Each structure stands twice: as structure tokens, then as C-alpha cells.
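What follows is a set of notes on a single structure, which appears directly below.
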Amino acid sequence: MKKIILNANTLFAVYNFRCNLMKRLSKEGYEIICLGNRDSSAEQIVENGWRYIDAGMDRRGTSILNDLKLFFFYLKVFKEEKPEYILNFTIKPNIYGTLAAKLVGVPVINNVTGLGDIFDTENITSKIVKILYKISFRFPKKVFFQNDDDMKIFLDNKLIDKKLCDRLPGSGVEVEKFVPEELIKEDEKIRFLFLGRISVKKGVRIINEVSRILTPKYPSIEFQLLGKVYTDEEGHISKEELSSWEKESNIKYLGTSKEVRNEIKTVDCIIFPSYYREGVPRSLIESASMGKPILTTDNVGCRDIVEDGYNGYLAKPNNVNSMVEIVERFLKLNEDERKAMGENGRTKVLKEFDEKIVINKYLKVIRGEKNVNN
């Protein structure tokens, strides 16, 4: 049986964002192999009849030795598995996975899922990463970008040939699964939900500041945080600090969830004050698909899913006062206005972010069809 490897920094990033792509590839007759750091998604991968390989990757480290180990690990895996195609996601798989695949002679499709901090600063690390991108991105069959800002950076820095580039609407969403549900309220609380990594650059500390400022004026508001604390990530917020927030302000940490629809459907609005270079946040696409208004920032990736005043509001990035302002704007809307804003989000997702668009673009490249950019 022909094999396809989906390679990301974690198994969660493969399974959570590419599950339906893998199901479709299985129907096309491919054996699916997921490559990434082992986590709780390993069980779900096996349950679907797929295989996984634990990469044991130093995801955020800058050690040259560790990155060389990763490169040789990829080389070994690709030689042993002999896949028909390798689909790379996230920074290190995109760079080292592509170089290893080139040496083995396996075609790759890369997906730039967001650039994080790399292009925000000019230092030796960012210079090295740009050089590595420039070398490795000569070889893919196609490179998908999730927003125009990231694609422009690569083209302006001459890191890639424009002929290799194409755009995707983020990772898309299964619109038949993430559907609007009637909000059943048992109290008068207005609930805001954050979904994402519990990290400073995702704006979580800003939410706490917003809560401190607005709760005395609006005692019925509540801010919920849903997501994982990655203790190996610089700028993570510890569970101890989250506990202190719960006691001091109107914050509720929910931990993690295997089915985020359950949390999304119970809230009035989504809040996401990220000033991190996003791709297009999957959590925002899912929330808009479920008809939830979104408060986020005029930031790379976030502004792709939210049109200010149409399906949510945009605040200035890393600006507490601006975030306070748009939360208050939402609170002053009546029920019909909030509902209309949510319906607008659903309309936008159906038109622009249906997961089928993503899957079909991948299939066209894999099948060797022309005009994949259309």
C-alpha cells in the first residue's frame, strides 16, 4: 500500500487539524503515518487505524546538535518507510523534513501554519532560520500559506519562488460538525471564552487585566480559559498563577478539552487577544462556524477570520485598553445584534473556510493535477 507521512511538531497538531484530510487520503488508498512528538492524540490516531512515530523533537530549542539529530532521525524514518508523499507542518518539520525528504527523493508539500516569533526580531537565530528556509523551500512541490502576510514575508525576503506558493484558508473547519446551537442560559452571566495555548503572546495575561478593569463595572461577566499550559514554552503562564487569578478576578481556567464544541456552545462570545504571528487560528474558525461573535486583534492571521463590526471586533495588538474598549462594545449590543454578528461569522466560514477547500487543494497536488491555485 502507498504511504503518506504527515509530519508536525506534535501528534496533536497532526490529528486535531488534519483528521479529515487523513480520512480522505485513507479512502484514496494511502496508509497514513503520523510523525510528531507523542501526546494524548496517539490513542485517537491508533483508533482510526493509522500509525504514529514519536519524533522526540526539541520543539522550541535552538540547539544545533538537537536539530541535526532531528534531521538524521527524519532521514532514517523516510528511508525505512519509503512514503509516496510527505506533508510537513510547523517550522522544524518544514525545514528539516524537507531537506531530509530531498536526500531520500520523496516529494513534499509544506504548510506554513504561522511564523511565531521568528520574523518579529532581527537576531542570529532569525537570520539562521531565514537561511534554512531559503535553502529548504527550493525543493517542495508546493508550499501552502495560511495568510497573505506570511506569504508576502517569504516573497519579499526572497525565501521562495512564487510559482511554489499557494494560499489556504487556514486549516479549514468541518462545517457540518461545527454548527450553531441555541445558547441555553441558566443565569444572567455573559461568558467570554479563550481557546488556545495558555501563553503570554496569545494574550492570556491581557484577558486577566481586562477582567480586573471591567468586572467591578459589569459583575455578571466571566472569562473562561481553555487550553494547555506548555511548561517548555517561554512565556507560558503556570497553573499556580492561573489559580491565583481565579481567586482575584472573574477568571475560570477550564483545563483542556477533547471536544471544544462543548465549551464553545455555552458562551456568548470568543475572546482571543493574541499578538503572536498566527496562521489563521483554528479555534476562531471553529467558533465563527458555530455562530459565535469574536473579539480578537488586528494581527496576522486573526484579521483573516474577523471583519471588524461584521462578525466581531478587532483591538490593537498587545493593548489592554483597546481590548477593554471592544469588550465594552460587545456588552452594549442587544441580543439581536449579538445574534446577527454570530450569523455573519457562520456565513463567512461557509464561504471562505470550509475544510473541503483545503482537502481538495492537497488532493490536486498529490494527484499531479494542474491549476492547483484555482
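The values are calculated or read from the model by the stated rules, or taken from the named source; none is laboratory data. Please read all numbers here as calculations on a predicted model, not as lab measurements. Because the Cβ atoms are built from the backbone with ideal geometry, glycine has one as well, and the counts that use them run over all protein chains shown.
Here are some notes:
- Test result for I294, at pLDDT 95 or above and under 20 Å from I198 (Cβ atoms): yes
- Every residue from segment 41-84 that is of a type in the set (S, T, Y) and either free of Cβ contacts under 8 Å to residues at least 40 places away in the same chain or under 20 Å from I95 (Cβ atoms) (or both): S41, T62, S63, Y74
- Test for S257: is it among the small types (G, A, S), touching a residue at least 60 places away in the same chain (Cβ under 8 Å) and either assigned by TED's automatic domain parsing to the domain that holds F223 or out of contact with any Phe, Trp or Tyr (no Cβ under 7 Å at 6 or more places or on another chain) (or both): no
- Residue list for segment 349-371, filter: buried (at least 18 other Cβ atoms within 10 Å of the Cβ) and either outside any helix (DSSP H, G or I) or not β-branched (V, I, T) (or both): F353, D354, E355, K361, Y362
- Among the conditions (1) crowded, with 17+ Cβ neighbours inside 10 Å; (2) in the same structural domain as S63 (by TED's automatic domain parsing); (3) touching a Ser or Thr at 6+ places or on another chain (Cβ under 6 Å), T125 misses just one, which is (1).
- In segment 214-237, the residues that are of a type in the set (S, T, Y) and without any contact (Cβ under 8 Å) to a residue 60 or more places away in the chain: T215, S220, Y230, T231
- Selection within segment 115-147 - touching a residue at least 60 places away in the same chain (Cβ under 8 Å) and part of a helix (DSSP H, G or I): T125
- In the set A101, A13, only one residue is buried (at least 17 other Cβ atoms within 10 Å of the Cβ), over 24 Å from G368 (Cβ atoms) and among the small types (G, A, S); that residue is A13.
- The number of residues in segment 137-151 that are buried (at least 17 other Cβ atoms within 10 Å of the Cβ) and of a type in the set (K, R) comes to 1.
- Annotation: P317 fulfils all but one of (1) crowded, with 23+ Cβ neighbours inside 10 Å; (2) more than 16 Å from L193 (Cβ to Cβ); the unmet one is (1).
- Residue pairs whose Cβ atoms lie under 6 Å apart, separated by 6 or more positions or on different chains, with the first residue in segment 315-342 and under 20 Å from R205 (Cα atoms) and the second part of a strand (DSSP E or B) and modelled with pLDDT under 95, do not occur.
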